[in-house]
Amino acid sequence: MIESLFIKLVPFIKVLVAFAIMLAGMRFKAGLGFSILGGGFVMGLMFGLGPLEWARTGVLALTQEKFLFLSAIVGLILILSDAMERSGQSKRLMESLSGFLTSPRLRLVFFPALIGLLPMPGGAVFSAPMVKTVSEGMRIKNSDRAVVNYWFRHVWELCWPLYPGIILTVALADIQIIDLISYTWPGTPLMLLIGWFFFLRPGVLGSSDLVVESLPMQRSKSAAFKEGLPLFVAIVGAIGLEGIISAFMPSIPFELGVVTALALGVVCVMVQNTQLGLRFLKDVLTKKSLWSMVFVIVAIFVFKDVMQAAGVVEEMARVAGGGAALFASALFLPFLVGMVAGINVAFVGATFPLLLGVLASLGMQDQTIPYLVLATFSGFTGVMISPIHICFILTCNYFNCDLGRTWRKLVMPCVVFMLFGIGLFWFLK
């Protein structure tokens with residue numbers, strides 16, 4: 001009986017070894033892309049895929065249409081974010097909107113949430129100075145400023161179509177963005193509600209703690225529209241073109257609409273800021289952060305195809321049945337990778353190919369959305385509670401507050417968020 005149990009556990013042990021290599025690489029800063037490639041290489045070897053076959057599979061993975069479109073989309077998102085930041089347009093957008101904020105609690109929340117619409121790595125440090133400015137005169141601890149800035153910076157990550165994690169999810173699952181966010185969107189109002197309850201409600205921050213300073217800017221709808229036009233073009237254009245292509249030109253990849261809209265958004269910001277010039281494009285196209293993200297996508301697609309070529313999912317499902325494989329790939333592994341890596345793309349790229357493969361091997365493709373929702377909530381909880389999340393570290397450093405004491409304030413909000421995700425999964429299932 002013990003021998004039989006061990007045989008059933010062997011495929012899972014192999015997978016856990018591969019993930020341990022990935023997590024160790026992330027932990028010791030080998031880079032997310034190299035960590036995923038290393039784990040995928042070891043996984044292939046353990047499941048009988050030789051080095052030459054591994055390399056061949058990897059090369060073929062990079063010729064896929066999905067890979068090319070996803071690389072273009074993520075690259076354009078980073079170019080748009082960089083252009084708005086470098087030109088000062090993001091700052092001007094903040095200033096043009098500040099006059100509309102009359103509630104002190106809204107002023108604390110608004111700028112982190114607004115910056116969250118731009119998927120910039122470490123973006124919380126961009127909104128931290130704004131939180132500090134609007135909270136001048138308020139009797140608030142720096143640790144409270146830090147958690148407010150950190151939490152509300154990430155409220156959009158489960159429903160905003162510009163986030164690479166969402167884009168990667170729909171690319172791997174071969175579904176449309178609207179098919180995913182129409183089920184994950186409750187995560188955003190939930191985060192707002194949890195954030196208000198744990199960080200902002202009157203029992204936590206009293207009215208005497210919130211002193212409203214004179215508003216620094218006059219209200220200007222025209223200025224706000226002008227400065228936010230590139231975002232409007234990119235976001236509305238992406239959703240609109242995706243819908244049009246899906247409805248009237250189904251033979252054309254819907255990603256083409258997203259690429260077109262993002263390109264138009266980049267053109268818009270460059271037309272509005274002529275000082276950027278072509279030199280800006282040269283500078284941004286040679287940035288290490290851009291190519292690091294593209295390399296992560298390369299690693300994810302190689303990992304996905306290696307796992308399929310090695311028959312990893314089939315062996316797990318064959319020896320252990322569907323329940324254990326689904327539990328590991330939908331709940332445990334996304335949370336673990338998210339917590340260790342502190343970034344959505346990591347848990348999506350490292351665990352979703354496994355989850356989708358298990359579902360396919362069990363003939364449960366009709367349950368793809370519920371399990372994607374569960375894995376997304378689980379992984380994102382791990383990301384938010386991660387003590388090495390770059391946004392968390394940068395925010396605590398900026399406000400000069402203790403990481404341990406500040407981190408403890410995130411535990412209960414994350415527990416509530418995770419429990420809601422599990423409940424939503426059972427409701428959808």
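Below is a table of values for the structure above.
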quantity: Highest average packing first - 264-272, 175-183, 59-67, Cβ atoms within 10 Å; calculated: 264-272, 175-183, 59-67
quantity: Sequence-separation-based contact order of segment 21-70, relative, with Cα cut under 8 Å and 6+ spacing, percent; calculated: 21
quantity: Radius, Kirkwood style, for segment 2-81 when every pair of distinct Cα atoms is counted (Å); calculated: 14.8
quantity: Relative contact order computed over the chain (Cα-Cα under 8 Å; 6+ residues apart), in percent; calculated: 24
quantity: Among 18-25, 233-240, the order from most to least packed when residues are scored by Cβ within 10 Å on average; calculated: 18-25, 233-240
quantity: In segment 251-310, trypsin sites (Lys or Arg not before Pro) in a DSSP loop with at most 16 other beta-carbon atoms within 10 Å; calculated: LYS287
quantity: CD proxy at 222 nm, helix term only [per DSSP H run n ≥ 4: -39500 (n - 2.57); per residue of the chain; nearest 500]; calculated: -24000 deg cm²/dmol
quantity: Reach of LYS282 by Cα under 18 Å, taken over aspartates and glutamates that are not fewer than 8 positions away in the same chain; calculated: ASP82, GLU85
quantity: Kirkwood-type radius of segment 140-189, with distances r between different C-alpha atoms, in Å; calculated: 12.1
quantity: Peptides ranked, highest mean first, by Cβ atoms within 10 Å: ranges 289-298, 154-163; calculated: 154-163, 289-298
quantity: 5 Å-binned pair-distance histogram of segment 340-381 (Cα, whole percent); calculated: 5, 25, 31, 22, 11, 5, 1
quantity: Cα gyration tensor, segment 239-308 - rounded (a/c under 1.5), prolate or oblate; calculated: oblate
quantity: Computed over segment 36-188: relative contact order in percent, which uses C-alpha pairs under 8 Å that are six or more apart; calculated: 19
quantity: Stokes-Einstein D for segment 339-429, Kirkwood Rh over Cα pairs, 4 °C, 1.567 mPa s (µm²/s); calculated: 90
quantity: Residue-wise HN-Hα coupling along segment 417-426, computed from phi with Karplus coefficients 6.51, -1.76, 1.60 (Hz; x: Gly, Pro); calculated: 4, 5, 4, 5, x, 5, x, 5, 4, 5
quantity: With Cα atoms, 0 to 90° folded angle of helix 65-86 axis to the chain main axis; calculated: 20
quantity: Net length gained if the chain between ARG201 and SER182 were fully extended (0.36 nm per residue, minus Cα distance); calculated: 4.0 nm
quantity: Alpha-carbon radius of gyration plus Dmax, which is the widest Cα pair, for segment 274-429 in Å; calculated: 18.8, 62
quantity: Restraint check, LYS141/LYS226; LYS29/LYS429; LYS132/LYS226; LYS91/LYS141; LYS141/LYS288, Cα-Cα greater than 28 Å; calculated: LYS141/LYS226; LYS29/LYS429; LYS141/LYS288
quantity: Measure of compaction for segment 38-195 (Cα Rg per 2.2 N^0.38 Å); calculated: 1.34
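No value in this document is a laboratory result; all are computed from the given coordinates. Please read these numbers as outputs of a predicted model, since none were measured by experiment. Glycine also receives a Cβ, built like all others from the backbone with ideal geometry; neighbour counts cover every protein chain displayed.
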